[in-house]
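K.L.:
Sharing a structure below in structure tokens format, with a few things to ask.
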Amino acid sequence: MRIAMLSPIAWRTPPRHYGPWEKIASLLTEALVGLGHDVTLFATGDSITHSTLRAVCTQGYEEDSNIIPKVYECLHISELFDHAEEFDIIHNNFDFLPLTYSGFTNTPVVTTIHGFSSPGILPVYRKYNKKTFYVSISDADRAEGLNYIDTIHHGIDIKEFHFQPDPEDYLLFFGRLHPDKGAKEAIEIARACDRRLIMAGIIQDSVYFNDYIQPFIDDASVVYLGSVGPEKRNKLLGKAYALLHPINFNEPFGLSVIEAMACGTPVIANNRGSMPELIRDNQNGFLVSGTHEAIGAVERIRDIDREFCRRTVMDHFTIDRMVKKYIRVYEQIMETTRREDHRPWGFYQILSDENAVKNKKIVVYPGKRISLQRHRYRDEHWYIVSGKGLWTLGDKTVPVTAGQSVDIPRKSIHRIENSGQDNLVFMEIQTGDYFGEDDIERLADDFGRI
């Protein structure tokens, strides 16, 4: 399966610190590559991947103020759709803008909706409803009126998170410092419980941080570490007595919630958005209705089985589980949008189709070749546009490059193979009595289609 994975370009894929959409795009890409799929990742130029990387933006615009976001977002998305016909499916992790390009290709597009930043973006999703495919990341984050092919919860690489059976006594806030995430409320909870609070995450609202967070940071009772890398994250999450997640919005998912539980750390979260899908109340944490209930829940954390917290993640929120569900979605989409113009060796585009002549543009992928074949009712003329290959006509095989052409009389045995590193593109002009695909007699084939 040839998959185009479109990641955002705010941050590197995978991100160095913050960047949940980029993180999921990375986890999914690497898992698909590990299963043998041919994935091309469209992301920033400094991204790290075992897939084929295509980039027009050297690094994330949140990390380089010289990059104009809208300019490079347009260049980034159009780079994929300029090559859309090369793929079996396009997986969009870039929100709503790529949907506006989807009408220019026959390649099916599936979009993981990582959340709705505003009700104002819904008209775009509604316009392309039933024309593309949508995956929600939680049942709670579904918009009324949209058709979803599935809900697929995020998964994490469980090996990156070490189980810690013996925590320390601090509480942890791990996330964006923003009113939505409840950083101020986390401080209130910790102070009321007389427990040390460690905070980690990017400052996304500097006014909020200066007014409500900074005055309480004393490096003793409240410690702010900034953004932390994977090693520090693993230790912070694992050694915490509990993760405080007093969100003030309907969160679509919550990666830090399952990352904490993967380490064995229970979570106290406001009962909003997707939280009931992640947290089993009184089993791996507590769902509360506000600060007062959260304060009471802190004293009950000792009753939570930390091993059960990790088991929850292993059973429901691993990358293996996530990627299997996405593959089923890809297969379902490809079955319902089966494309007659795609082949295991590449694809073709019909440029004109008249009674006496038919013109095709044909693309053969590197290392692939069409079947050894002949036709009864048509003659063909091939002209190489780009790439290099080997063509067989009768008992002769000849190397070819751009600018060369050959005539193929009806009933003659022929084949073409891509021997280069890039796509082999050629024009095929058919003349004769009948141009149907059933006028192909395959004598040998790499894909078992004789």
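K.L.:
Could you grab me the full set of residues in the range 31-40 that are over 17 Å from residue 112 (Cα atoms) and in a helix (DSSP H, G or I)?
P.N.:
Answer for the range 31-40, where residues must be over 17 Å from residue 112 (Cα atoms) and in a helix (DSSP H, G or I): 33, 34.
K.L.:
Can you report the number of residues in the range 143-199 which are at pLDDT 95 or above, within 30 Å of residue 336 (Cα to Cα) and among the acidic types (Asp, Glu)?
P.N.:
1
K.L.:
Got at least one residue in the range 79-87 being at pLDDT 95 or above, farther than 25 Å from residue 424 by Cβ and in the same structural domain as residue 115 (by TED's automatic domain parsing)?
P.N.:
No, the conditions are met nowhere in the range 79-87.
K.L.:
Next up: Counting only residues that are more than 17 Å from residue 195 (Cβ to Cβ) and either part of a loop (DSSP other than H, G, I, E, B) or among the aromatic types (Phe, Trp, Tyr) (or both), how many does the range 212-227 have?
P.N.:
Number of matching residues: 3.
K.L.:
Between residues in the range 99-114 that are closer than 11 Å to residue 136 by Cα and residues that are surrounded by fewer than 18 Cβ atoms within 10 Å (Cβ to Cβ) and among the basic types (Lys, Arg), which pairs lie under 9 Å by C-beta distance while being six or more apart or on different chains?
P.N.:
Close Cβ pairs satisfying both conditions: 113/142.
K.L.:
May I ask you to say which residue of 339, 376, 343, 369 is at pLDDT below 90 and within 22 Å of residue 443 (Cβ to Cβ)?
P.N.:
Working: 339 fails: within 22 Å of residue 443 (Cβ to Cβ); 376 fails: at pLDDT below 90; 369 fails: at pLDDT below 90.
Only one candidate passes the filter, namely 343.
K.L.:
Which one of 217, 213, 203, 198 is in contact with a Phe, Trp or Tyr (Cβ under 8 Å, 6 or more places away or on another chain) and closer than 20 Å to residue 163 by Cβ?
P.N.:
The match here is 198.
K.L.:
If you don't mind, another one. Quick check on the range 304-314. Is at least one of its residues closer than 16 Å to residue 155 by Cβ, free of Cβ contacts under 8 Å to residues at least 24 places away in the same chain and of a type in the set (Lys, Arg)?
P.N.:
Yes, there is a match, as at least one residue in the range 304-314 is closer than 16 Å to residue 155 by Cβ, free of Cβ contacts under 8 Å to residues at least 24 places away in the same chain and of a type in the set (Lys, Arg).
K.L.:
Something else: For the range 345-385, give me the residue count where each residue is crowded, with 16+ Cβ neighbours inside 10 Å and closer than 18 Å to residue 419 by Cα.
P.N.:
Residues flagged as crowded, with 16+ Cβ neighbours inside 10 Å and closer than 18 Å to residue 419 by Cα within the range 345-385 amount to 14.
K.L.:
I would also like to ask the following. Hey, could you check the range 368-421 for residues that are assigned to a strand (DSSP E or B), farther than 24 Å from residue 356 by Cβ and among the polar types (S, T, N, Q) and say which is farthest from the chain's Cα centre (by Cα)?
P.N.:
397
K.L.:
Select from the range 1-24 the residues that are over 24 Å from residue 347 (Cβ atoms) and not in a loop (DSSP other than H, G, I, E, B) and write down the one among them that is farthest from the chain's Cα centre (by Cα).
P.N.:
Per the stated criteria, the residue is 20.
K.L.:
Take the conditions at pLDDT 95 or above and either in a loop (DSSP other than H, G, I, E, B) or closer than 27 Å to residue 38 by Cα (or both) and apply them to residue 436. Does it pass?
P.N.:
Numbers: at pLDDT 95 or above: no; either in a loop (DSSP other than H, G, I, E, B) or closer than 27 Å to residue 38 by Cα (or both): yes.
Against the criterion (at pLDDT 95 or above and either in a loop (DSSP other than H, G, I, E, B) or closer than 27 Å to residue 38 by Cα (or both)), residue 436 does not qualify.
K.L.:
Name the strands (runs of 3 or more DSSP E) wholly within the range 70-160 that hold at least 1 residues that are within 30 Å of residue 261 (Cβ to Cβ) and in contact with a Lys or Arg (Cβ under 9 Å, 6 or more places away or on another chain)? Lay out the reasoning, then the answer.
P.N.:
Working: elements: 89-92, 109-113, 133-136, 148-151.
In the range 70-160, the matching strands (runs of 3 or more DSSP E) lie at 109-113, 133-136, 148-151.
K.L.:
Which of the residues that make up the range 422-432 are in a loop (DSSP other than H, G, I, E, B) and either surrounded by fewer than 18 Cβ atoms within 10 Å (Cβ to Cβ) or outside the structural domain of residue 357 (by TED's automatic domain parsing) (or both)?
P.N.:
422
K.L.:
Now, a different point. Report yes if some residue within the range 43-63 is under 15 Å from residue 92 (Cβ atoms), within 14 Å of the chain's Cα centre (by Cα), surrounded by 19 or more Cβ atoms within 10 Å (Cβ to Cβ) and outside the structural domain of residue 252 (by TED's automatic domain parsing); otherwise report no. Break it down stepwise before answering.
P.N.:
So in the range 43-63, the residues under 15 Å from residue 92 (Cβ atoms) come out as 43, 54.
Cutting the leftovers down to within 14 Å of the chain's Cα centre (by Cα) gives us 43.
So of that shortlist, the ones also surrounded by 19 or more Cβ atoms within 10 Å (Cβ to Cβ) come out as 43.
Checking which are outside the structural domain of residue 252 (by TED's automatic domain parsing) leaves us with 43.
Among the residues of the range 43-63, at least one is under 15 Å from residue 92 (Cβ atoms), within 14 Å of the chain's Cα centre (by Cα), surrounded by 19 or more Cβ atoms within 10 Å (Cβ to Cβ) and outside the structural domain of residue 252 (by TED's automatic domain parsing), which makes the answer yes.
Listed here are the residues, each with its yes/no results for (1) free of Cβ contacts under 8 Å to residues at least 40 places away in the same chain; (2) on the phi > 0 side of the Ramachandran plot.
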{"site": "336", "(1), (2)": "yes, no"}
{"site": "339", "(1), (2)": "no, no"}
{"site": "352", "(1), (2)": "yes, no"}
{"site": "356", "(1), (2)": "no, no"}
{"site": "371", "(1), (2)": "no, no"}
{"site": "394", "(1), (2)": "yes, yes"}
{"site": "399", "(1), (2)": "yes, no"}
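K.L.:
Can you find a residue that is out of contact with any Leu (no Cβ under 9 Å at 6 or more places or on another chain), under 23 Å from residue 110 (Cβ atoms) and assigned by TED's automatic domain parsing to the domain that holds residue 195 anywhere in the range 280-290?
P.N.:
Taking every residue of the range 280-290 in turn, none turns out to be out of contact with any Leu (no Cβ under 9 Å at 6 or more places or on another chain), under 23 Å from residue 110 (Cβ atoms) and assigned by TED's automatic domain parsing to the domain that holds residue 195.
The values are calculated or read from the model by the stated rules, or taken from the named source; none is laboratory data. Nothing here was measured: the structure is a model prediction, and the numbers come from that model. Neighbour counts run over all protein chains shown; Cβ positions are idealised from the backbone, glycine included.
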